[in-house]
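Trainee: One structure, as structure tokens, below. Some questions next.
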Ligand code: GRF
């Protein structure tokens, strides 16, 4: 399946997805990396792996963003989109065009610590502020409400005494890097079965 990755940051998850796709038994190829920031670290990741990179600045009008995004997706015949730290809302027309075909990875056990403005270090800070005993990672489908689509898989991380934002971030990334490519393969298999069921993944 032809996959586009949308990312705004360093791109460590994007890189893992690209590397996994090179294995001969992977079920997808990464054909496009799209960012809202031309200078994001993920641009270097795309360059390093020779995957086409494009950027769309979201402060132009929304209709224009939507039009360009659909144009890039069409040009590359994208069949599935993986969000990997993409910090802008996906236009409704793109969500409508890709039903059950947009995945996101989030660094908490959704629905806890999700929603607008909850990303990156803010999530770990919030988790530590309320003295949770565990946190984790969620991979879910994307619909028009932030962090609310069907959950495909969650993995738990126990919070230890003396845990910091940095230590939590490190543990989270380690789990994400293994989990995301596996869930993407799983979901593609489900889609290809003709009767995809999010519950089967966990
Ligand atoms: C990840 O922690 C992911 O859960 C979140 O954004 C972060 C992206 O990190 N959605 P990276 O750019 O992949 O390193």
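No value in this document is a laboratory result; all are computed from the given coordinates. None of these values were measured; they are calculated from a predicted model. Heads up, the Cβs are rebuilt from the backbone with ideal geometry, glycines too, and the neighbour counts pull from every protein chain shown.
Trainee: Once you've got the GNM for the chain with C-alpha springs shorter than 10 Å, pick whichever of 13, 104, 36 has the biggest mean-square fluctuation.
Mentor: Ranking 13, 104, 36 by mean-square fluctuation puts 36 first.
Trainee: Determine the gain in length on full extension of the stretch residue 72-residue 89; use 0.36 nm per residue of separation and subtract their C-alpha separation, reporting nm with one decimal.
Mentor: The residue 72-residue 89 span can extend by a further 4.4 nm.
Trainee: Remind me, what semi-axes does the chain give for its equivalent ellipsoid, largest first in whole Å, using sqrt of 5 times each Cα gyration tensor eigenvalue?
Mentor: So the three semi-axes of the chain are 26, 19, 17 Å.
Trainee: Roughly how tilted is helix 165-193, in degrees to the nearest 10 and between 0 and 90, from the longest Cα axis of the chain?
Mentor: The helix 165-193 is inclined about 40 degrees to the chain.
Trainee: Quick one: Debye curve from the alpha-carbon atoms of the range 25-119 only, equal weights, vacuum; give me log10 I(q)/I(0) at q = 0.14, 0.22 Å⁻¹ to two decimals.
Mentor: -0.57, -1.37
Trainee: Most exposed first by the Cβ proxy, i.e. fewest other Cβ within 10 Å, how do 82, 201 rank?
Mentor: 201, 82
Trainee: Given a cut-off of 16 Å, what percent of all Cα-Cα pairs of the range 81-147 lie beyond it?
Mentor: In whole percent, the long-distance tail amounts to 45.
Trainee: I need to check one value: relative contact order of the chain, counting alpha carbon pairs closer than 8 Å and at least 6 residues apart, in percent.
Mentor: Reported as a whole number, the value is 19 percent.
Trainee: A further question on this structure: Just subtract the alpha-carbon distance of residue 145 and residue 169 from 0.36 nm times their residue separation and send over the number in nm, one decimal.
Mentor: Extending this stretch completely gives an extra 6.2 nm.
Trainee: Relative to a virtual label point 7 Å from the Cα of residue 156 in the Cα→beta-carbon direction, which members of the range 120-136 show backbone nitrogen distances below 17 Å?
Mentor: 131-136, by backbone N distance to the label point.
Trainee: Here is a follow-up. Take the Cβ-Cβ distance between residue 130 and residue 64 as r, set R0 to 35 Å, and report the resulting FRET efficiency rounded to the nearest 0.05.
Mentor: 0.30
Trainee: Right, another one. Tally the DSSP beta bridges in the chain and give the antiparallel ones as a percent, rounded to 5.
Mentor: Just about 40 percent of them are antiparallel.
Trainee: Principal axis lengths of the range 143-202 from Cα atoms, whole Å, largest first?
Mentor: Principal-axis extents of the Cα atoms in the range 143-202, largest first: 47, 25, 14 Å.
Trainee: Let me ask another. Relative contact order for the range 14-82: what is it in percent, counting Cα pairs under 8 Å that are at least 6 residues apart?
Mentor: Contact order relative to length: 26 percent.
Trainee: Label residue 29 and residue 49 with points 7 Å out from Cα along Cα→Cβ: what is the distance between them in nm?
Mentor: Reported label-point gap for residue 29 and residue 49 is 1.4 nm.
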